[in-house]
Amino acid sequence: MRPYRLLLIVLAMLAALPLVIESNVALNFLKVSLMLALAGTGWNLLGGYGGQFSFGHAVFFGTGAYTAAVLQVRFGINAWVAFGAGIALGALVGAAIGWLTFRAGLRGSYFALVTLAFAEVARIIASVWPLTGAGAGILIPLKLGVANLQFGSRAEGYWFVLALLGLAMALARAIEGRRFGAQLVAVRENEDAAKALGVDVLRVKLMAIALSGGITASAGGFYAQTFLYLDAGLAYGPWISVEALLTAIVGGIGTVWGPLLGALVLQALSELGKHLGGDAPGLGLVLFGAVLIIVVRFAPEGIVGLIRRARPRRVARG
Amino acid sequence: MAELIAEAMGVTVRFGGLVAVNDASVPVTEGRIVGLIGPNGAGKTTLFATIAGFQKPNAGRIRFRGKDITALAPHRRAALGIARTFQIVQPFAGLSVRENIAVGAHLRHAGRAEALAAADAVADRVGLSALLNLPAASLTVAGRKRLELARALATEPQLLLLDEVLAGLNPSEVRDVIPVIRAIRDGGVTVLMIEHVMQAVMALADEIHVLSEGRIIARGSPDAVARDPAVVEAYLGHGAAARLQGNAHA
């Protein structure tokens, strides 16, 4: 249990927060931060551990969101089942994109551009397809209740997304300590050397992108169940692709804690920006761009890297 | 006893108009250290890459333990028991020495603890024990060469392909590594090595194949190969063998 101890302690503390926080604004802030951390944890599995930088994780977020919404609204399927189907479809879309790109040997910026293209194609399809509500979007009818995955009290929704994030972080931690994790990192560091040591590079990448897609799709499903409205720009828009990679990179790429720390800091900055600059369009992106440049230049290992540097070095775990 | 573990048969590799390897056959006898030498640009590394599965030959076959493996991907060959090192070392720079070796060990050990224990044991064999916790990026050239060797050994190969593991080392470092390679052979692993450091390959190899301009021009014991006029000419230029002969008689 040792590798999970700190994770359990922090999750327990986060779970206790709604009991002491009265403010709805603060709780909403945390809820959105956790959702972005969840999307970022998905991105981090493929991009951080596997070194395959995706610019199009919106394709998974949107698939998770739309699957949950469409199955409930058009087919009357239970919200929990629809939510689960969204995760499965997100993983499947990941495997399909991986099969097309990794088998063709696409790496680096080529892979990034192709994922961006997949997300944009998905956005355009969702904006014209009647099934997804086309331009008008899709509205999930308000039916409060745990059975419908719609939470009346704000704390319940918070706990739900915290549980999802906890599972995703525990999964990342488990992968770190396993053969799959070692092979994934080896692929990131040097593909040829990994092949020579018997690593099935294609298989490792496919597993990573499927898991990554499933996790980020769960964030999309949570978004749908929380805001109960989707359109193509919200579900498949570039904003979530950017948020997913930024939380991981700012927080600490290839680390369990990175996406959570990054999401909290970025959300705080974004709120601060709104206070200072009002709702000037594009201001948030300018802010994020500046943060990204500063992080890449001065703290390439993100916030986690800064914390590690500040602390006396412990003996490396295993 | 003299059973073949692997064999390159009539391998030809072309890069556009350049024929890098031309109908080369190299039988590798089990339990031996087999040297592959030749002047710069002779096609040694290309032939090597063909055996390890990183380069598809335009013609010819690769056999391992009697099976045709020409179409197998590198990771499948590693699983069968063929490991290689790279001439230009390819460490997982962001990982520690132990983690580097453990990637190789994971081929035969699914569990993390077993793989790490196997990595420690291999590090001991190649003299990296003291450096296990260092980042691979901090190693010297000699250290990185040992790391290449350790990672390959950690896959528990039957055939080990060494691409210039001694190049770039100083004479005392070379002296340190030679017994390590011998011990690998004595442990039952067949070694096929490309080498530029002549003294070392002459001391180590049980038999030597000489590649020049993509063709095998000589093979045999180190002594016989060193005296072969064709080999002398390939290294020192046309007419060199006759001049040396003349000097010897004078």
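Applying the set (1) within 11 Å of chain A (Cβ to nearest Cβ); (2) open to solvent by 10 Å² or more (accessible area, probe 1.4 Å); (3) part of a helix (DSSP H, G or I); (4) touching a residue at least 12 places away in the same chain (Cβ under 8 Å) to B:Ala142 leaves exactly one unmet item: (1). Of the residues A:Leu131, A:Leu144, the single one that is more than 14 Å from every other protein chain (Cβ to nearest Cβ), more than 30 Å from A:Arg203 (Cα to Cα) and in contact with a strand residue (DSSP E or B) (Cβ under 8 Å, 6 or more places away or on another chain) is A:Leu144.
Kindly provide the set of residues from segment A:181-208 that are open to solvent by 40 Å² or more (accessible area, probe 1.4 Å), in contact (Cβ under 8 Å) with a residue 40 or more places away in the chain and at the interface with chain B (Cβ under 7 Å from one of its Cβ atoms), ordered by number. If you could, list the steps in order and put the result at the bottom.
We begin by selecting, within segment A:181-208, every residue open to solvent by 40 Å² or more (accessible area, probe 1.4 Å); these are A:188-189, A:192, A:195, A:200, A:202-203, A:207.
From the residues that got through so far, the ones that are in contact (Cβ under 8 Å) with a residue 40 or more places away in the chain too are A:188-189, A:202.
Result: A:Glu189, single match.
When B:Val89 is tested against (1) crowded, with 18+ Cβ neighbours inside 10 Å; (2) at pLDDT 95 or above, only condition (2) is not met.
The residues in segment B:57-86 that are in contact (Cβ under 8 Å) with a residue 24 or more places away in the chain, of a type in the set (D, E, K, R) and more than 23 Å from B:Val165 (Cα to Cα) can be counted, and the count is 3.
Summed over segment B:101-117, residues that are buried (at least 23 other Cβ atoms within 10 Å of the Cβ) and either not in a loop (DSSP other than H, G, I, E, B) or not aliphatic (A, V, I, L, M) (or both) total 7. Of the residues A:Leu38, A:Leu19, the single one that is in a helix (DSSP H, G or I), open to solvent by less than 30 Å² (accessible area, probe 1.4 Å) and under 21 Å from A:Gly166 (Cα atoms) is A:Leu38.
Among residues of segment B:168-182 that are open to solvent by 30 Å² or more (accessible area, probe 1.4 Å), those with a beta-carbon under 7 Å from a residue that is among the aliphatic types (A, V, I, L, M) at least six positions away or on a different chain give the pairs B:Gly168/B:Val141; B:Glu173/B:Ala142; B:Arg182/B:Leu204.
Mind counting the residues in segment A:218-244 that are more than 19 Å from A:Leu131 (Cα to Cα), of a type outside the set (Val, Ile, Thr) and open to solvent by less than 20 Å² (accessible area, probe 1.4 Å)? Matching residues across segment A:218-244 total 5.
Quick one: which of B:Leu153, B:Leu161 is in contact (Cβ under 8 Å) with a residue 60 or more places away in the chain and in a strand (DSSP E or B)? Sole residue among the options that is in contact (Cβ under 8 Å) with a residue 60 or more places away in the chain and in a strand (DSSP E or B): B:Leu161.
Which one of these is surrounded by fewer than 21 Cβ atoms within 10 Å (Cβ to Cβ), within 12 Å of chain A (Cβ to nearest Cβ) and not in a loop (DSSP other than H, G, I, E, B): B:Arg76, B:Arg61, B:Arg98?
Details: B:Arg61 fails: within 12 Å of chain A (Cβ to nearest Cβ); B:Arg98 fails: surrounded by fewer than 21 Cβ atoms within 10 Å (Cβ to Cβ).
So the residue among B:Arg76, B:Arg61, B:Arg98 that is surrounded by fewer than 21 Cβ atoms within 10 Å (Cβ to Cβ), within 12 Å of chain A (Cβ to nearest Cβ) and not in a loop (DSSP other than H, G, I, E, B) is B:Arg76.
Across segment A:255-284, what is the number of residues that are open to solvent by less than 40 Å² (accessible area, probe 1.4 Å), over 13 Å from the mean Cα position of the chain (by Cα) and touching a residue at least 12 places away in the same chain (Cβ under 8 Å)? Final tally of qualifying residues: 6.
B:Asp120 passes every criterion in (1) more than 9 Å from every other protein chain (Cβ to nearest Cβ); (2) open to solvent by 50 Å² or more (accessible area, probe 1.4 Å); (3) of a type outside the set (S, T, N, Q); (4) under 28 Å from B:Thr45 (Cα atoms) apart from (4).
The values are calculated or read from the model by the stated rules, or taken from the named source; none is laboratory data. Note that the structure is predicted; figures quoted are calculated from it, not measured. As a convention, Cβ positions derive from the backbone with ideal geometry for all residues, glycine included, and neighbour counts pool all protein chains shown. With ligands, DNA and RNA removed, areas are computed over all heavy atoms of the protein, side chains included. Shrake-Rupley method; radii C 1.70, N 1.55, O 1.52, S 1.80 Å.
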